[in-house]
Each structure stands twice: as C-alpha cells, then as structure tokens.
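The values are calculated or read from the model by the stated rules, or taken from the named source; none is laboratory data. Remember, predicted model here, so these are calculated numbers, not experimental data. When we count neighbours, we look across all protein chains shown, and the Cβ atoms used for this are built from the backbone with ideal geometry, even at glycine.
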Amino acid sequence: MKHLFTFLGLLLTTTFFAQDIAVLKYNGGGDWYSNPTSLPNLVKFCNTEIGTALNEKTATVEAGSIDIFQYPFVHMTGHGNVVFNTEEALNLRNYLNSGGFLHIDDNYGMLPYVTKALKQVYPNQDLVELPANHPIFSSAFNFKKGLPKIHEHDGKRPQALGLFHDGRLVVLLTVESDLGDGWEDPEVHNDPEEVRLKALQMGANIIKFVFGN
C-alpha cells in the first residue's frame with residue numbers, strides 16, 4: 001500500500017509537468033544499456049506526433065529500487081542474460097500491480113532469459129500473445145497485422161506477448177521485431193526510413209496506450 005501511494009502521488013505530480021520514463025538496469029550480465037539513442041528518439045517522436053509531454057532526458061532505474069515508482073513507463077532491452085533476485089522480483093511485482101508498466105524489447109537473444117526472470121515476478125502466469133485487434137496496435141497508428149517486423153533476426157514472425165494484472169496489461173514483451181533498433185539514430189543501423197517510421201509509430205502506440213493520451 002505504501003508503494004501504491006508513492007506511485008500515485010508521484011504520478012499526480014508529474015501530470016502537470018513533463019512525465020518521466022526510464023530504462024531498466026538489471027543484473028545477470030545482459031547489456032541493459034543497449035540502444036542508448038532509442039528511447040530519447042522515441043520520446044521526441046511522441047512529443048511531436050501524438051502530443052505527449054515526456055521528459056526528453058530519460059532516466060535509468062534499477063529493478064530493486066523504490067525509485068521505479070516514479071516512472072509510469074519503464075523500458076527494458078538487451079541481448080543476453082537477465083536475473084532478478086527475490087527482492088527485485090517482489091519490487092517489480094509491486095510496481096506493476098500499483099499501476100506501472102514494463103515494456104521489454106528483445107534486442108536479439110534475450111527471450112529465454114527474460115521469460116525465466118518474469119516467472120519470478122509472476123510465477124502463476126504465462127506470457128500470452130496479444131491478438132492483432134488489441135488496442136495497443138491502434139491507439140495512435142493503425143497496425144492491422146499487429147507488431148511490425150523491423151529487423152530479421154531469425155526470420156520468425158514478430159510477436160507481442162503480455163502479462164496481466166486484474167485484466168490490465170502490465171508487461172509487454174516484443175520479440176522478433178526489435179523496435180528499439182528502429183528507434184535509434186538513423187546512422188546506427190541504416191534502416192530504410194519507412195522501416196524506422198514503423199518502429200517509431202509502434203512505439204508511440206505503446207506510449208499512448210500506457211499514458212492514455
């Protein structure tokens with residue numbers, strides 16, 4: 001309950017000013033710091049294209065820190081191992097159950113590790129695929145086929161997987177898409193502009209779905 005009041009109080013405070021979002025720092029050896037330009041670029045796109053008021057200076061927050069309750073939206077990425085200890089898993093569960101949202105973007109190779117780590121957060125839940133008609137795919141821009149394909153990786157179809165609390169989507173895991181690479185500065189991956197635009201538009205959909213703008 002203490003965390004709930006902390007989260008709601010900070011959320012109400014940021015309602016009248018720029019809202020803050022953060023990158024999740026986690027243990028296990030995975031490169032949580034991947035794609036350093038992706039989230040700032042997504043913020044700029046959202047502020048310009050869908051009228052959000054997000055702070056362009058994104059923060060970093062640790063999985064076990066109470067500071068996570070300051071951020072309605074937390075983004076997580078990487079290529080490798082992810083480990084949550086008992087305290088971190090509990091802190092994340094309290095954060096998510098109190099109104100927070102975690103977007104995990106598999107930058108390639110992260111899926112088996114983060115799936116196992118999420119079992120510590122919600123041991124009685126399995127990730128479920130979101131259908132193409134889920135509102136997250138049309139909250140700002142319309143993706144009739146669901147999650148767009150940005151990078152090939154293993155050539156598999158992109159999937160948006162979710163965990164829910166009381167009927168509310170609290171964790172979104174995007175795999176075989178790599179939205180974060182598409183959000184990065186154009187010269188980083190040299191993606192065609194139309195591909196990069198799809199990534200940014202889908203990112204804006206996620207932001208709008210979370211913030212309800």
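If the requirement is being more than 19 Å from R168 (Cα to Cα), crowded, with 23+ Cβ neighbours inside 10 Å, in contact with a Phe, Trp or Tyr (Cβ under 9 Å, 6 or more places away or on another chain) and modelled with pLDDT of 95 or more, which of these qualifies: F69, F84, F45, F143? Before the answer, list the steps.
Numbers: F69 fails: more than 19 Å from R168 (Cα to Cα); F45 fails: crowded, with 23+ Cβ neighbours inside 10 Å; F143 fails: crowded, with 23+ Cβ neighbours inside 10 Å.
From the options F69, F84, F45, F143, the qualifying one is F84.
I'd like to verify a number: residues in region 37-61 that are part of a loop (DSSP other than H, G, I, E, B), touching a residue at least 40 places away in the same chain (Cβ under 8 Å) and either closer than 12 Å to M76 by Cα or of a type outside the set (A, V, I, L, M, F, W, C) (or both), how many?
So the answer is 3.
Quick one: would you say L92 is aliphatic (A, V, I, L, M) and touching a residue at least 40 places away in the same chain (Cβ under 8 Å)?
No: the conditions fail for L92.
Within region 126-140, how many residues are assigned to a helix (DSSP H, G or I) and either surrounded by 13 or more Cβ atoms within 10 Å (Cβ to Cβ) or of a type in the set (A, V, I, L, M, F, W, C) (or both)?
2
Does region 84-109 hold any residues that are under 14 Å from G180 (Cβ atoms) and more than 14 Å from the chain's Cα centre (by Cα), and which are they?
Residues satisfying the conditions are Y108, G109.
State the number of residues belonging to region 168-183 that are surrounded by fewer than 22 Cβ atoms within 10 Å (Cβ to Cβ) and outside any strand (DSSP E or B).
The number of residues fulfilling the criteria is 1.
Exactly one of (1) touching a helix residue (DSSP H, G or I) at 6+ places or on another chain (Cβ under 8 Å); (2) within 17 Å of E49 (Cβ to Cβ) is unmet by I104. Its number?
The single condition I104 does not satisfy is (2).
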